[in-house]
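What follows is calculated from the coordinates using simple rules that are stated; it is not laboratory data. Predicted model, so just to flag it, every value in this text is computed and none were measured.
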Amino acid sequence: MPVVRLGNTGAVHGPHDEEVGRPTIELPGNRITTAAIPDSYTRQEAIRTIWHPDGLWQQHSTAAAPDWVECDDDPELATALGIIYGCPVGRPEDWETAE
């Protein structure tokens with residue numbers, strides 16, 4: 001099962017705001033948003049799960065794009081997401097996360 005990790009500087013967490021339909025509690029600092037993609041998904045389905053306007057990224061971040069992306073079992077998925085978001089593939093060594 002591919003696990004996608006996204007560097008998130010605008011992380012948010014529920015509850016959902018009924019009016020705008022997205023989480024409203026902002027989480028401070030750098031966070032890593034993680035998606036476990038089922039093996040049965042095609043690459044297109046995996047990308048949609050993360051990138052689509054109702055997808056994982058939109059539900060968990062106020063940032064337009066992740067700072068970076070990585071995927072442990074599918075480097076082509078990481079490359080595709082990097083191209084879509086215009087961000088680097090691979091976690092920078094100096095990227096620290098909030099506790």
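Summarised in one figure, the compactness ratio Rg/Rh of the range 40-96, Cα atoms and Kirkwood Rh, is 0.96. Bridges between two residues of the chain, per DSSP, are antiparallel at a rate of about 95%.
Summed over qualifying helices (DSSP H, 4 residues or more, each -39500 (n - 2.57)) and divided by its residue number, the chain shows a 222 nm mean residue ellipticity of -7000 deg cm²/dmol. Taken over the chain, the percentage of Cα pairs per 10 Å bin, counting from 0 up to the bin with the maximum distance, is 17, 49, 29, 5.
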